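K.L.:
My questions will all concern the structure given below.
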Amino acid sequence: MKVEPPVVIRGPELRRPARVLTSAPVLATLCVLGLGALSHSVPGLQRVALFDPLPESEETPGAIPAPVLVEGESTLESETTERPELAQPEHVEIPKGSRGPIASEQGPALEPINVEKPPVPIEDPSGKALDGFYAALGRAQRKQPGAIVRVLHHGDSIVTSDYVSGTLRRKLQKRFGDAGHGFMLMANAWPAYFHNDVSRFASSGWKVSRIVGPLSPDGLYGLGGVSFRAPPGSRARFGTAKSGHFGRNVSRFEVSYMREPGGGKIQLNLDGKSYKVLDTSAEAKQTAVETIEVPDGPHELEVVTIKGSSRAFGVVMERDVPGVVLDAIGVQGARIRFLDKQDDAHWAEQLQWRKPNLLIFEFGANESGDGFAYPMDQYHETMKAVLLQARKAVPDAGCLILAAMDRAEKKGASLQSMAVIPALVKEQKSTAKEVGCAFFNTYEAMGGPGSMAAWVGRGLGQADLTHPTGSGSEVLASWIFRALMAGYDDYNKSHR
């Protein structure tokens, strides 16, 4: 089997400034950003990098309409391998004070980071949007048998890389118990796809259809928005983490796949030994789940296609102990309305399979790339339709909307927030209220207008002016966690 070279991911470069951008403050800022990019591109300088790397995104500044999506499959040319350089450390140092002229001359002063109280609370006009989640946390905290709290965290590239979601998973598991890692795609549907605290490998050659294109004609994508098909000899492995404090044990693997006419056969190997052969043929299409129980501890499951063409979606890793599982359902390049590319009944079935106690939706970066080319009233209605579908499928689950982050662009000699960001946040907030979801205003927590420029100056935002660094992701996840815990404490006080 041909071994592809590892994929090298670099952040997007800033465009060359015009003469009007040659003022001293801006030149100093660009020097900071340039040194940050250089430190990640030159071998040996990574250890002095100014910014933590995040995989390159598909979003670009400006009003760029979403791509036209066509049906078909694309082939994954690269293997899925261990990428330790993408892992979020268990302990992240938060930069102190300002870095560069952007932080000191533009934007509002930032709230202190290392404080117990987040800058903004979770807003819940209904007063009960998170009750099901908080009740489940209470059962896990009391160590009741079978008290597994499942969180499904949907999002775009920030979740694809498991930065914010990975940190939130660790914080919840540290307090309430580690009940397993959750759902993962069969292979990297994008080079930037990554999961913390697990061991993963997949061969090249898997063919994929995705909700961001190319689309599957039947609208069946499993839980993660990606359908995989492979000829004989393709393989994928999922195992417990080999280091760190999280993800070291598993007691159950669940393989999500498709049974269909003409389906092939899949060999399952457990800890290097043959376990079972799955026959994926059937008279009609139907999703299926194969569960493999193991003694709680370190294990590895290998999935190998051995005959015909087999279709699969992903693998879940859980433990039979009280605690939290967080499925990071990241789709690079996605808008929240793209979740509606799926067959409605199939998506509902997938959500019901996971029995979530909390649904999180974190979108906005790609919508900001659309600008106002996609009207806000349509954005509101399509977002509302997706949320109502999810709530109807799992009505007992809590629901939380995380607002879009601030995003900056160059305007003359300065960096300014994109005008569409506050409009998106306004619609996200009103839609959350309309469908009965809680809302965390990430944009306001960052500092509102001008905050991404300030974040870049502090080393919390990337040079692409869109994404957080690893440190920034730590800050965001910490704020979300603390806001959730404040709500949990209030819930316990009112339910004594």
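K.L.:
Working only within region 344-375, note down all residues that are of a type in the set (Val, Ile, Thr) and part of a helix (DSSP H, G or I). So that I can check it myself, show each step before the final result.
P.N.:
Initial filter on region 344-375 (of a type in the set (Val, Ile, Thr)): 360.
Matches in region 344-375: none.
K.L.:
Can you pull out the residues in region 395-440 that are of a type in the set (Asp, Glu), within 23 Å of the chain's Cα centre (by Cα) and closer than 25 Å to Ala373 by Cα? If you could, list the steps in order and put the result at the bottom.
P.N.:
If we filter region 395-440 for residues that are of a type in the set (Asp, Glu), which is where we start, we get 396, 406, 409, 427, 434.
Then keep just the ones that are within 23 Å of the chain's Cα centre (by Cα); that gives 396, 406, 427.
Selection gives Asp406, Glu427.
K.L.:
Something else now. From the list Arg248, Arg252, which residue is within 30 Å of Lys174 (Cα to Cα) and in contact with a Ser or Thr (Cβ under 6 Å, 6 or more places away or on another chain)? Spell out the reasoning first.
P.N.:
Working: Arg252 fails: in contact with a Ser or Thr (Cβ under 6 Å, 6 or more places away or on another chain).
Within the list Arg248, Arg252, the selection yields Arg248.
K.L.:
Within region 223-245, which residues are under 27 Å from Asp343 (Cα atoms), in contact with a Leu (Cβ under 7 Å, 6 or more places away or on another chain) and not in a loop (DSSP other than H, G, I, E, B)?
P.N.:
Val226, Ser227
K.L.:
Hey, another quick one. Of Arg169, Arg150, Arg175, which residue is modelled with pLDDT of 95 or more and out of contact with any strand residue (DSSP E or B) (no Cβ under 8 Å at 6 or more places or on another chain)? First the steps, then the outcome.
P.N.:
Working: Arg169 fails: out of contact with any strand residue (DSSP E or B) (no Cβ under 8 Å at 6 or more places or on another chain); Arg150 fails: out of contact with any strand residue (DSSP E or B) (no Cβ under 8 Å at 6 or more places or on another chain).
Of Arg169, Arg150, Arg175, the one residue that is modelled with pLDDT of 95 or more and out of contact with any strand residue (DSSP E or B) (no Cβ under 8 Å at 6 or more places or on another chain) is Arg175.
K.L.:
A further question on this structure: Condition first: part of a helix (DSSP H, G or I), more than 18 Å from the chain's Cα centre (by Cα) and surrounded by fewer than 24 Cβ atoms within 10 Å (Cβ to Cβ). Can you find one or more residues in region 321-343 that meet it?
P.N.:
The initial filter retains those residues of region 321-343 that are part of a helix (DSSP H, G or I), namely 336-341.
Okay, now just the ones that are also more than 18 Å from the chain's Cα centre (by Cα), so 341.
Now drop any that are not surrounded by fewer than 24 Cβ atoms within 10 Å (Cβ to Cβ), which leaves 341.
Within region 321-343 (the criterion being part of a helix (DSSP H, G or I), more than 18 Å from the chain's Cα centre (by Cα) and surrounded by fewer than 24 Cβ atoms within 10 Å (Cβ to Cβ)), the answer is yes, since at least one residue qualifies.
K.L.:
Name the single residue that is surrounded by the fewest Cβ atoms within 10 Å (Cβ to Cβ) among those in region 376-396 being without any contact (Cβ under 8 Å) to a residue 12 or more places away in the chain and either part of a helix (DSSP H, G or I) or hydrophobic (A, V, I, L, M, F, W, C) (or both).
P.N.:
Step by step, filter region 376-396, then rank; the result is Asp377.
Here's the yes/no breakdown for (1) closer than 25 Å to Glu85 by Cβ; (2) without any contact (Cβ under 8 Å) to a residue 60 or more places away in the chain; (3) in a helix (DSSP H, G or I):
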{"position": "Val151", "(1), (2), (3)": "no, no, no"}
{"position": "Arg170", "(1), (2), (3)": "yes, no, yes"}
{"position": "Asn188", "(1), (2), (3)": "yes, no, no"}
{"position": "Phe194", "(1), (2), (3)": "yes, no, no"}
{"position": "Arg200", "(1), (2), (3)": "yes, no, no"}
{"position": "Tyr221", "(1), (2), (3)": "no, no, no"}
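K.L.:
Next up: Here are some conditions: (1) in a strand (DSSP E or B); (2) surrounded by fewer than 21 Cβ atoms within 10 Å (Cβ to Cβ); (3) without any contact (Cβ under 8 Å) to a residue 60 or more places away in the chain. Glu283 meets all but one. Which one does it not meet?
P.N.:
In the conditions (1) in a strand (DSSP E or B); (2) surrounded by fewer than 21 Cβ atoms within 10 Å (Cβ to Cβ); (3) without any contact (Cβ under 8 Å) to a residue 60 or more places away in the chain, Glu283 misses (1) alone.
K.L.:
Please verify whether region 433-455 includes one or more residues that are touching a residue at least 40 places away in the same chain (Cβ under 8 Å), surrounded by fewer than 22 Cβ atoms within 10 Å (Cβ to Cβ) and of a type in the set (Val, Ile, Thr).
P.N.:
Yes, because at least one residue in region 433-455 is touching a residue at least 40 places away in the same chain (Cβ under 8 Å), surrounded by fewer than 22 Cβ atoms within 10 Å (Cβ to Cβ) and of a type in the set (Val, Ile, Thr).
K.L.:
Which residue, of Ala236, Ala187, Ala241, Ala192, is within 20 Å of the chain's Cα centre (by Cα) and crowded, with 24+ Cβ neighbours inside 10 Å? Outline the logic, then answer.
P.N.:
Numbers: Ala236 fails: within 20 Å of the chain's Cα centre (by Cα); Ala241 fails: crowded, with 24+ Cβ neighbours inside 10 Å; Ala192 fails: crowded, with 24+ Cβ neighbours inside 10 Å.
Residue meeting the stated conditions: Ala187.
K.L.:
Filter region 261-278 down to residues that are surrounded by fewer than 12 Cβ atoms within 10 Å (Cβ to Cβ) and in contact (Cβ under 8 Å) with a residue 40 or more places away in the chain, then give me how many there are.
P.N.:
1
K.L.:
Any idea which of (1) surrounded by fewer than 24 Cβ atoms within 10 Å (Cβ to Cβ); (2) within 19 Å of Pro119 (Cβ to Cβ) is the one Ala423 doesn't satisfy?
P.N.:
(2)
K.L.:
Still on this structure, I have one more. Of these, Gly308, Gly371, Gly330, which one is touching a residue at least 60 places away in the same chain (Cβ under 8 Å) and in contact with a Ser or Thr (Cβ under 6 Å, 6 or more places away or on another chain)? Step through it out loud before you land on a result.
P.N.:
Values: Gly308 fails: in contact with a Ser or Thr (Cβ under 6 Å, 6 or more places away or on another chain); Gly371 fails: in contact with a Ser or Thr (Cβ under 6 Å, 6 or more places away or on another chain).
Exactly one of Gly308, Gly371, Gly330 is touching a residue at least 60 places away in the same chain (Cβ under 8 Å) and in contact with a Ser or Thr (Cβ under 6 Å, 6 or more places away or on another chain), namely Gly330.
K.L.:
Tell me, please, whether a residue that is more than 17 Å from Leu152 (Cβ to Cβ) and out of contact with any Ser or Thr (no Cβ under 7 Å at 6 or more places or on another chain) can be found in region 386-405. Don't jump to the end; show me each part of the working.
P.N.:
Initial filter on region 386-405 (more than 17 Å from Leu152 (Cβ to Cβ)): 403-405.
With the extra rule that they be out of contact with any Ser or Thr (no Cβ under 7 Å at 6 or more places or on another chain), the set shrinks to none.
No, the conditions are met nowhere in region 386-405.
K.L.:
Here is a follow-up. Just for region 256-280: of the residues that are in a strand (DSSP E or B) and acidic (Asp, Glu), which one is nearest to Gly224 (Cα to Cα)? Give the derivation first.
P.N.:
Step one: list which residues in region 256-280 are in a strand (DSSP E or B), which gives 256-260, 263, 265-270, 273-279.
Add one more test, that the residue is acidic (Asp, Glu), and what stays is 260, 279.
Values: Glu260: 19, Asp279: 22 Å.
Looking at residues that are in a strand (DSSP E or B) and acidic (Asp, Glu), I get Glu260.
K.L.:
Is it the case that Arg248 is part of a strand (DSSP E or B) and of a type in the set (Lys, Arg)? Walk me through it before giving the result.
P.N.:
Details: part of a strand (DSSP E or B): no; of a type in the set (Lys, Arg): yes.
It is false that Arg248 is part of a strand (DSSP E or B) and of a type in the set (Lys, Arg).
The values are calculated or read from the model by the stated rules, or taken from the named source; none is laboratory data. Here the structure is a predicted model, which is why all the values come from computation and not from measurement. No Cβ is skipped: glycine too gets one built from the backbone with ideal geometry, and neighbour counts run over all protein chains shown.
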